[in-house]
Amino acid sequence: MAAKTVLITGSNSGIGKAAATLFSQAGWNVAATMRTIESGADLKKLRGIRLYQLDVTDQTSVTNAFRDVTRDFGGIDVVVNNAGYGLAGVFEAITDEALERQFATNVLGLMRVTREAITHMRTRGGGTIVQISSMGGRMTFPLYAPYHATKWAVEGFSESLHYELKDLNIRLKLIEPGLIKTEFSGRSAEMIFPSEPNAYAPFVQKFTAAATKALKDAVDPSIVAKVIVAASTDTSNKLRYPVGNPAPMLLRLRKLLSDNAFFGMIRKAYGI
């Protein structure tokens, strides 16, 4: 049986790199895509992995990547929409330009790749699209309003879309990671705060202390990669896959508790 092929966006670091590695170990052909090929050079050493340039904010780049992967591997069975970053901070200080960049990557970029995947998979008779969302797509934390807005958009978009794809034999999967040890707090994050001392300072200070403490419990991205590989071969109608502490627990609580009770729990955790 011929090896299956997966295309992964944002494969040069974090969850994307861990997923590319695990798919390779499982015997898949892996099209590891990223904005700059040089950033993923070490992946070329792994069996079955080829690197492709793909910028999710550029339709031509997306189209060319799908064309080249199809030429090299014959077809694409699974697409993993992983590229993204987190914009956070005091909303009053965040510019339109910053918001547009966040939505251009996390929402419009994901939609662009999804559309290209649908066109490809429809003509092949099926496939699986795996969206890397977040537990922050169904609940929120302080100072992450723009990021949460994009992930809630991804959740709503994907939930609606799965209805129209069912008869095309295209499965949609939403991966909802919790706290993961990635570059999300480094180059994959943008934090914006007012430049001068202001009324938000005490709030920001409490948030920073609580967030730093919480990140100590973050799990390795390989944990998420295992769920991505499992979801890619799951032929059931399951849509959502919470993974990594504390996503499964918090998402259950969000469903069970009233708004006031859940919000009170979050405020207490952040001391606000």
Checklist line | Sole exception among (1) under 30 Å from residue 204 (Cα atoms); (2) part of a loop (DSSP other than H, G, I, E, B) for residue 87, by number | finding: (2)
Next item on the list: Scan region 141-177 residue by residue and report those that are assigned to a strand (DSSP E or B), over 28 Å from residue 96 (Cα atoms) and of a type outside the set (A, V, I, L, M).
Entry: 171, 173
Item checked: Residue match in region 8-18 (condition: touching a residue at least 60 places away in the same chain (Cβ under 8 Å), closer than 22 Å to residue 128 by Cβ and part of a strand (DSSP E or B)) -> yes
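Within region 52-71, can you find the residues that are of a type in the set (D, E, K, R) and part of a helix (DSSP H, G or I)? Walk me through how you get there before you give the answer.
Of region 52-71, the ones of a type in the set (D, E, K, R) are 55, 58, 67-68, 71.
Across region 52-71, the qualifying residues are 67, 68, 71.
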Next item on the list: Determine if region 188-202 includes at least one residue that is among the polar types (S, T, N, Q), without any contact (Cβ under 8 Å) to a residue 60 or more places away in the chain, closer than 25 Å to residue 129 by Cβ and not in a helix (DSSP H, G or I).
Entry: no
Item checked: Search result, residues across region 1-54 that are out of contact with any Leu (no Cβ under 7 Å at 6 or more places or on another chain), crowded, with 18+ Cβ neighbours inside 10 Å and small (Gly, Ala, Ser) -> 10, 13, 14, 16, 18, 19, 48
Next item on the list: State whether the residues of region 223-239 include one that is surrounded by fewer than 18 Cβ atoms within 10 Å (Cβ to Cβ), at pLDDT below 90, in contact with a Leu (Cβ under 8 Å, 6 or more places away or on another chain) and under 19 Å from residue 13 (Cβ atoms).
Entry: no
Checklist line | Unmet requirement for residue 116, which otherwise passes all of (1) over 16 Å from the mean Cα position of the chain (by Cα); (2) farther than 25 Å from residue 66 by Cβ; (3) assigned to a helix (DSSP H, G or I) | finding: (2)
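Does region 249-270 contain at least one residue that is within 21 Å of the chain's Cα centre (by Cα) and not in a helix (DSSP H, G or I)?
Of all residues in region 249-270, those within 21 Å of the chain's Cα centre (by Cα) come to 249-252, 254.
Add one more test, that the residue is not in a helix (DSSP H, G or I), and what stays is none.
Scanning region 249-270, I find no residue that is within 21 Å of the chain's Cα centre (by Cα) and not in a helix (DSSP H, G or I), so the answer is no.
For region 147-165, how many residues meet the condition of being of a type outside the set (Gly, Ala, Ser) and either in contact (Cβ under 8 Å) with a residue 40 or more places away in the chain or in contact with a strand residue (DSSP E or B) (Cβ under 6 Å, 6 or more places away or on another chain) (or both)? Show your work before the answer.
Pass one, region 147-165, residues of a type outside the set (Gly, Ala, Ser): 147-148, 150-152, 154-155, 157, 159, 161-165.
Pick out the ones that are also either in contact (Cβ under 8 Å) with a residue 40 or more places away in the chain or in contact with a strand residue (DSSP E or B) (Cβ under 6 Å, 6 or more places away or on another chain) (or both) and you get 147, 150-151, 154, 157, 159, 161-162, 165.
Result for region 147-165: 9.
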Checklist line | Within region 119-135, considering residues that are part of a loop (DSSP other than H, G, I, E, B) and more than 26 Å from residue 250 (Cβ to Cβ), the one nearest to the chain's Cα centre (by Cα) | finding: 126
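The values are calculated or read from the model by the stated rules, or taken from the named source; none is laboratory data. Since the structure is predicted, the reported quantities are computational estimates derived from the model, not experimental observations. Don't worry about glycine lacking a Cβ; one is built from the backbone with ideal geometry, like all the others, and counts go over all protein chains shown.
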